[in-house]
Amino acid sequence: MSDATMLRLEPLRAWRFVAGKVSALGAVTSPPYDVLEPALVRRLTDSDLHNMVRLILPRDPALGSRRYDEPARRLSGWQHDGIVVRDQRPALYVYEQRLGDAMLCGLVGSLGLDPDRRVVLPHEDVMPHWVDDRLELMEATDADLEPILLAYAGGGAASDAVDAARAGEPWLVADTENGAHHRIWRIDDPFVLERITAELGRHEALIADGHHRYAAYLERLRRQPDRPGVGVGLAMLVDQDRHPLTLDPIHRVVPGLSLAVVRERTPAGWEVLQGRVDGVPDRIALTDGTEWVTLRTTAHRPEPTVSLLHDELLPAWDIDTDELSFHHVLADAVALAGPTQAAVELSAPRMDQVLRSAAQGVVLPQKATSFGPKPRVGLLFRTLD
């Protein structure tokens with residue numbers, strides 16, 4: 001099997017913040033760009049002048065492509081002033097994040113890209129404007145600032161190497177404002193790296209989080225196929241058997257939709273129940289901020305409810321999907337609901353539904369799932385030079 005059809009995670013010389021140059025290592029980190037609500041952005045921006053939101057969320061869309069010049073200049077300045085430094089030797093990095101009973105644990109490195117979808121399998125559709133946004137940021141900064149998250153199963157020797165590294169002293173430790181504790185170790189022993197490479201080459205991986213960033217990686221490779229560094233992208237790889245990820249829904253707000261339209265135009269095969277009814281399998285609940293209705297199918301359906309919403313219900317209600325907004329927290333969606341703007345509560349797809357669609361090359365609608373915990377942005381990143 002050629003390298004192009006094998007799962008590859010290559011060592012890299014990662015960039016990191018210098019503890020003595022910032023208020024705290026955790027204070028300069030951020031969640032990924034697509035889960036940042038405005039109030040959190042303000043808190044993070046105020047927490048430290050070097051917080052990563054100043055790079056990953058370019059301001060003032062009215063500036064067009066010039067809005068990406070500011071994060072590029074800012075990153076260059078941090079590098080020049082020694083705010084961030086580059087590791088001396090290439091390594092794979094073991095990243096562990098703990099928050100209460102939840103834990104994220106896996107390997108961070110440079111992921112070999114797979115345009116033919118043979119070993120790196122997406123499961124969600126993407127929105128072109130977000131792909132363009134991430135690509136323009138990558139090209140302006142010459143950097144991959146946010147690792148995407150992938151899951152695979154049965155890591156064997158690779159997962160053994162992860163656990164062995166965690167028995168030693170961490171290379172980096174940070175605490176973040178949400179109460180999470182983060183630790184990172186380096187693996188640079190050539191023999192261990194060789195075993196990891198051989199093990200990963202026997203697997204395929206599901207893109208759990210970061211479909212838009214991965215699509216941007218592929219577009220960057222398509223545009224500049226001969227440029228060094230574009231054949232890989234920053235990623236974290238997790239053995240789902242040993243360190244399982246959580247799987248949560250992403251809710252919607254639907255402009256132009258009233259509950260009257262839902263009651264009148266929901267197609268056959270669905271039952272409309274008054275109120276927010278719990279205990280109903282594969283239900284979809286909607287509210288206008290005052291009252292709720294619950295939809296359930298009258299027959300067992302193998303598709304996730306998010307697919308049924310996009311494939312059947314939204315067309316029946318004559319809704320333009322480009323107008324939807326997406327919310328990881330239900331309360332944030334409900335807060336925006338009104339008489340002609342419904343909030344939609346979804347249940348998470350099951351893991352078997354996600355894996356089956358990915359293996360068949362069928363993508364779910366955009367923002368169908370929220371895998372977690374998500375790696376924190378700013379602990380490690382890569383540049384293309």
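The values are calculated or read from the model by the stated rules, or taken from the named source; none is laboratory data. In this text the structure is predicted, and so the values were computed from the model without any measurement. So basically every Cβ, Gly included, is an ideal-geometry build from the backbone, and we count neighbours across all protein chains shown. The area values use the complete protein model at the heavy-atom level, side chains included, leaving out ligands, DNA and RNA. Shrake-Rupley method; radii C 1.70, N 1.55, O 1.52, S 1.80 Å.
Listing for the model above:
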{"read-out": "Residues that are among the hydrophobic types (A, V, I, L, M, F, W, C), in contact (Cβ under 8 Å) with a residue 40 or more places away in the chain and not in a helix (DSSP H, G or I), drawn from region 5-63", "value": "M6, L7, L9, L12, A14, W15, F17, V18, V22, A24, L25, M52"}
{"read-out": "Qualifying position, being closer than 19 Å to R382 by Cβ and surrounded by fewer than 19 Cβ atoms within 10 Å (Cβ to Cβ), among R265, R227", "value": "R227"}
{"read-out": "Considering residues of region 348-385 that are outside any helix (DSSP H, G or I) and free of Cβ contacts under 8 Å to residues at least 40 places away in the same chain only, the residue nearest to M127 (Cα to Cα)", "value": "V362"}
{"read-out": "For K367: the one exception among (1) at positive phi; (2) surrounded by fewer than 16 Cβ atoms within 10 Å (Cβ to Cβ); (3) under 20 Å from the mean Cα position of the chain (by Cα)", "value": "(2)"}
{"read-out": "Pair list, Cβ under 9 Å, 6 or more apart: region 99-114 residue more than 9 Å from G231 (Cα to Cα) and modelled with pLDDT under 95, other residue of a type in the set (S, T, Y) and part of a strand (DSSP E or B)", "value": "A102/T246"}
{"read-out": "Verdict on A167 being open to solvent by 10 Å² or more (accessible area, probe 1.4 Å), modelled with pLDDT of 95 or more, over 22 Å from A91 (Cα atoms) and not in a strand (DSSP E or B)", "value": "no"}
{"read-out": "Verdict on D241 being open to solvent by 20 Å² or more (accessible area, probe 1.4 Å), in a loop (DSSP other than H, G, I, E, B) and without any contact (Cβ under 8 Å) to a residue 40 or more places away in the chain", "value": "no"}
{"read-out": "Residue in region 316-324 that is more than 27 Å from V362 (Cβ to Cβ) and open to solvent by 70 Å² or more (accessible area, probe 1.4 Å) present", "value": "no"}
{"read-out": "Subset of region 274-303 [hydrophobic (A, V, I, L, M, F, W, C) and either under 21 Å from V253 (Cβ atoms) or open to solvent by 50 Å² or more (accessible area, probe 1.4 Å) (or both)]", "value": "V277, I284, A285, L286, W292, V293, L295, A299"}
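For (1) surrounded by 15 or more Cβ atoms within 10 Å (Cβ to Cβ); (2) of a type outside the set (S, T, N, Q); (3) under 30 Å from G201 (Cα atoms), each residue gets a yes or a no:
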{"site": "T5", "(1), (2), (3)": "no, no, yes"}
{"site": "P11", "(1), (2), (3)": "yes, yes, yes"}
{"site": "A19", "(1), (2), (3)": "no, yes, no"}
{"site": "S30", "(1), (2), (3)": "yes, no, no"}
{"site": "D48", "(1), (2), (3)": "yes, yes, no"}
{"site": "R54", "(1), (2), (3)": "yes, yes, no"}
{"site": "G64", "(1), (2), (3)": "no, yes, no"}
